[in-house]
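Here, each number is a calculation from the coordinates, and none is a lab measurement. Keep in mind the model is a prediction, meaning the values are calculated, not measured. Note: ideal-geometry Cβ built from the backbone for every residue, glycine included; neighbour counts use all protein chains shown.
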Amino acid sequence: PEKAQPFGMVAEQALSAKVYRQQVQVDIIEQDKYGRSVGRVWLNGQDINLSQLVDGLAWHYQFFARKNQTSDDFARYDAIQRQAQQQRIGLWQDANPLPPWNFRRAKKNQAASG
């Protein structure tokens with residue numbers, strides 16, 4: 001989630017607690033349209049991206065994942081997200097969690113009309 005969304009700061013704090021002052025490996029997959037690196041973060045062999053999903057503190061962005069993840073990784077990430085949803089962990093406690101890409105689009109539309 002974005003920082004301004006429910007669980008946004010919780011997600012950031014959880015990620016920081018996992019990797020702060022640690023040496024991580026980042027497998028950069030692509031650059032997004034804003035020039036940001038999109039990648040998979042590893043710490044001592046642990047997939048940190050997946051751990052955020054396990055904790056219900058991230059979204060599996062399936063639109064991009066379909067072209068960048070192996071079918072096995074896609075299935076694993078999808079299953080973990082569904083499990084977090086079913087158990088109402090993290091952001092899935094919200095009655096209507098909004099994907100960050102929709103949150104950004106809504107903010108952009110508000111700014112354009114306001």
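For segment 79-91, a residue qualifies if it is farther than 22 Å from R66 by Cα and surrounded by 11 or more Cβ atoms within 10 Å (Cβ to Cβ), and the qualifying residues are Q87, R88, I89, G90, L91.
Within the option set Q25, Q46, Q31, being of a type in the set (S, T, N, Q) and in contact with a Phe, Trp or Tyr (Cβ under 7 Å, 6 or more places away or on another chain) holds for one residue only, Q25. Going residue by residue through segment 1-11, is there one that turns out to be surrounded by 14 or more Cβ atoms within 10 Å (Cβ to Cβ), in contact (Cβ under 8 Å) with a residue 12 or more places away in the chain and part of a helix (DSSP H, G or I)? Yes, the conditions are met somewhere in segment 1-11.
Which of the residues that make up segment 24-78 are in a helix (DSSP H, G or I) and either surrounded by fewer than 12 Cβ atoms within 10 Å (Cβ to Cβ) or of a type in the set (D, E) (or both)? Steps first, answer last, please.
At the first step, the residues of segment 24-78 found to be in a helix (DSSP H, G or I) are 48-54, 62-68, 71-78.
Once the filter is applied, which keeps residues that are in a helix (DSSP H, G or I) and either surrounded by fewer than 12 Cβ atoms within 10 Å (Cβ to Cβ) or of a type in the set (D, E) (or both), segment 24-78 yields F63, R66, K67, S71, D72, D73, A75, D78.
Exactly one residue out of A95, A65, A112 is on the phi < 0 side of the Ramachandran plot and within 17 Å of the chain's Cα centre (by Cα), and it is A65.
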